[in-house]
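Participant: Below you will find the structure I want to go over with you.
The values are calculated or read from the model by the stated rules, or taken from the named source; none is laboratory data. These figures come from a predicted structure and were not determined experimentally. With ideal geometry, Cβ positions are generated from the backbone for all residues, glycine too; neighbour counts draw on all protein chains shown. Surface accessibility is based on the protein's heavy atoms, side chains included, excluding ligands, DNA and RNA. Shrake-Rupley method; radii C 1.70, N 1.55, O 1.52, S 1.80 Å.
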Amino acid sequence: MNRYAIGAMTLLLLSSNPALARECNKKPGAGILPYSVTSEGKIKILLAYDTRGYWSNLAGGRKYILSGNHPKPRCETSQETAVREGWEESRHLLPKQFLASHVNSAATLPAQPKKGDFITYVFKMENIALEPFYDNYVVEGSSSDETNALFWADLSELRKFANDKKHKIITPNNKPLRPVFWKSFKKSLTDPEVNVFKK
């Protein structure tokens, strides 16, 4: 049986058995938070604008996948979810192989994840051209319908925002940060012992 037939069988299985999808949805999701360092030494983190009206890390829930050569589906690991979401929400600018290698050695938020934690993998963008990620570049013909813009947010501005409610974050379209993302990310910005961003 070829892999296309197996894939079709899996889709049929999942669509006819919503309990499988619910089981996977109960598991915590995952995502990525890439960053770069400018020539002036400023740290910028890459956020995506989703079509529901918020800026956020590139993240989402787990899905079922085929397990190796076996037709029995299984839920993604948090790393597999982070790679897939990073690829989809970067509108395919971030290749899966690049993501997999960086996620495997990335720092995480929270720093010591427990069972049930949503995990964000934080890594420095290295060995990849950064030019396409500037100026809200969007891949033409991308199949992603979840995001439509990218934005390098200044980490120092985010820290000011985390420590002072009067300080505002200015995004390219003046839309806000996703509340659930900001709530979890804010903790890392206000805790002096958390330092996942290395120059």
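Participant: In the range 21-80, which strands (runs of 3 or more DSSP E) lie fully inside it and hold 1 or more residues that are closer than 22 Å to Ile128 by Cβ and open to solvent by less than 60 Å² (accessible area, probe 1.4 Å)?
Facilitator: 30-37, 43-50, 54-56, 58-60
Participant: Consider only pairs whose beta carbons are under 6 Å apart and that are at least six residues apart or on different chains; among these, list those whose first residue lies in the range 155-174 and is farther than 12 Å from Phe185 by Cβ and whose second residue is open to solvent by 50 Å² or more (accessible area, probe 1.4 Å) and in a loop (DSSP other than H, G, I, E, B).
Facilitator: Pro172/Asn136
Participant: Restricted to the range 147-189, and to residues that are open to solvent by 80 Å² or more (accessible area, probe 1.4 Å) and among the aliphatic types (A, V, I, L, M), which residue is nearest to Glu89 (Cα to Cα)?
Facilitator: For the range 147-189, the residue satisfying everything is Val180.
Participant: Anything in the range 175-199 that is part of a loop (DSSP other than H, G, I, E, B), in contact (Cβ under 8 Å) with a residue 40 or more places away in the chain and either of a type in the set (Ser, Thr, Tyr) or closer than 24 Å to Gly41 by Cα (or both)? List them, or say none.
Facilitator: Val194, Val196, Phe197, Lys198, Lys199
Participant: Have a look at Arg3, Arg22 and point out the one that is under 25 Å from Ala100 (Cα atoms), at pLDDT below 90 and basic (Lys, Arg).
Facilitator: Among Arg3, Arg22, only Arg3 is under 25 Å from Ala100 (Cα atoms), at pLDDT below 90 and basic (Lys, Arg).
Participant: Out of curiosity, is Lys96 more than 29 Å from Pro176 (Cβ to Cβ) and either open to solvent by 50 Å² or more (accessible area, probe 1.4 Å) or within 12 Å of the chain's Cα centre (by Cα) (or both)?
Facilitator: Judged against the criteria, Lys96 is a match.
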